[in-house]
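The values are calculated or read from the model by the stated rules, or taken from the named source; none is laboratory data. All values reported here derive from a predicted model rather than from experimental measurement. Note: ideal-geometry Cβ built from the backbone for every residue, glycine included; neighbour counts use all protein chains shown. We work out accessible area using only protein heavy atoms, side chains counted, and drop any ligands, DNA or RNA first. Shrake-Rupley method; radii C 1.70, N 1.55, O 1.52, S 1.80 Å.
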Amino acid sequence: MLKNSCKLALKKMKHWMMPEKAKTSLATFPSSAEIVSEPLGVVLVISAWNYPFLLSLDPVIGAIAAGNAIVLKPSEISPATASLLAKLVANYMDSSCIKVVEGAVPETTALLEQKWDKIMYTGNGRIARIVMAAAAKHLTPVVLELGGKCPVIVDSGINLQVATRRIIAGKWGCNNGQACVSPDYIITTKDYAVELVDSFKCELELFYGKNPLESKDLSRVVNSNHFARLLKLLDEDKVSSKIVYGGERDKSNLKIAPTILLDVPQDSLIMNEEIFGPLLPIITIDKVEDSFDLITSGTKPLAAYMFTNNKKLKEKFVEKVSAGGLVINDTTVHLAEPTLPFGGVGDSGMGAYHGKFSFDTFSHKKAVLYRSFAGDAPLRYPPYTNGKLRLLKALLGGSILGIIRALMGWSKA
């Protein structure tokens, strides 16, 4: 994906940079206009640990394409990658235009005290509030790529094997659930839940074996703090009894097996924070249409998914569910499509990037209007008579009929 972003920017950058022609109205006739993209200046990119190369360098590609200088702050939670990034950027890129700053909270705090022309942060909502507060002191605009509880609605009458496999790929195949667009919980009907669970059991064993903790295809949890956080969610009294598959853990290797829970209480910890790990609760409802109210009762997620063959349900899903992005009959794949903006809404973030959207995010769209010295209209200048005012209003209104009426004296001042 990172290579694709580079190739796309190299191929399209000249086109992205070209001024965009804009139409003009009677109010400025004769004139021409265009929208010119210009660099914002010096931008700060604070990236996340879960995809430490992609989430660090993908925004940087857009910032470079737009002509900015960049300071990149990789996450200290993936320190080996952060060190390698610092080394590679210093060796292969122009150090007068891009620098990498390693470190943890003190270094990030020091960076946030500076004035930037834009800040992009990828991470969680708690730190995002700190970033936004720091940016506000300098009136610095921000792009916040956050997360949230990404729901998956599963309707009946579908190809259940394909649906299950695609959910597994988006959940456990993507860093063992440690991804901002990872499916966080499933909503399905009471009648379909048992069949869905059985399908998960079959496919998970096929992919990861009878002892998934030994599978080389299953990521470990990033560190002991996150491991303890996940166990706290899993071992809550009202939750631990709801495990229908998995639950095994290996503290020495920081591994937790794919775990499915059925009908966990809505007031449990696991249903009130982003899981960001290999735990997948299934919530049951009476009918699929009830899922929309359940989703909209919470904060807006970064992504939402639905598996159905019902055309009306698809339309209602798109109409009713507000999220950063929606995918029907798959999970997570929308972020691989550079023609779509990738970003959140509400608590899941603000702003978007990928493809041209990255270029636009790090550009100022400058309005430019060109006029000659011809066509200078006396009615712009004092003294203002009723006739001048009538014609000015008509010109600003842009109506040919209104102008004719004003010239004929048929409209009131």
query: Inside segment 94-128, can you point out the residues that are outside any loop (DSSP other than H, G, I, E, B), open to solvent by 60 Å² or more (accessible area, probe 1.4 Å) and either under 25 Å from Ser363 (Cβ atoms) or in contact with a strand residue (DSSP E or B) (Cβ under 8 Å, 6 or more places away or on another chain) (or both)?
result: Lys99, Glu107
statement: Phe373: passes all of (1) of a type outside the set (Lys, Arg); (2) open to solvent by less than 100 Å² (accessible area, probe 1.4 Å); (3) out of contact with any Phe, Trp or Tyr (no Cβ under 8 Å at 6 or more places or on another chain) but (2)
- prompt: What are the residues in segment 358-383 that are in contact with a helix residue (DSSP H, G or I) (Cβ under 8 Å, 6 or more places away or on another chain) and aromatic (Phe, Trp, Tyr), if any?
  reply: Phe359, Phe362
task: Taking Pro281 as meeting all but one of (1) more than 19 Å from Phe200 (Cα to Cα); (2) buried (at least 21 other Cβ atoms within 10 Å of the Cβ), write down the number of the exception.
output: (1)
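Each row is one residue, and each column tells you yes or no for (1) aromatic (Phe, Trp, Tyr); (2) free of Cβ contacts under 8 Å to residues at least 60 places away in the same chain.
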| site | (1), (2) |
| --- | --- |
| Arg165 | no, yes |
| Asn175 | no, no |
| Cys180 | no, no |
| Phe200 | yes, no |
message: Residue under question is Leu335, and the condition is that it be in a helix (DSSP H, G or I) and out of contact with any Pro (no Cβ under 6 Å at 6 or more places or on another chain); does it hold?
response: yes
- prompt: If you scan segment 167-214, which residues turn out to be in a helix (DSSP H, G or I), out of contact with any strand residue (DSSP E or B) (no Cβ under 8 Å at 6 or more places or on another chain) and open to solvent by 40 Å² or more (accessible area, probe 1.4 Å)?
  reply: Ala169, Asp191, Val194, Glu195, Asp198, Cys202, Glu205, Leu206, Phe207, Glu214
field: Sole residue being without any contact (Cβ under 8 Å) to a residue 24 or more places away in the chain and surrounded by 14 or more Cβ atoms within 10 Å (Cβ to Cβ), chosen from Val60, Val89
entry: Val89
message: Just checking, does segment 304-323 include any residue being outside any strand (DSSP E or B) and among the small types (Gly, Ala, Ser)?
response: yes
query: Could you count how many residues in segment 287-312 are out of contact with any strand residue (DSSP E or B) (no Cβ under 7 Å at 6 or more places or on another chain) and open to solvent by 10 Å² or more (accessible area, probe 1.4 Å)?
result: 12
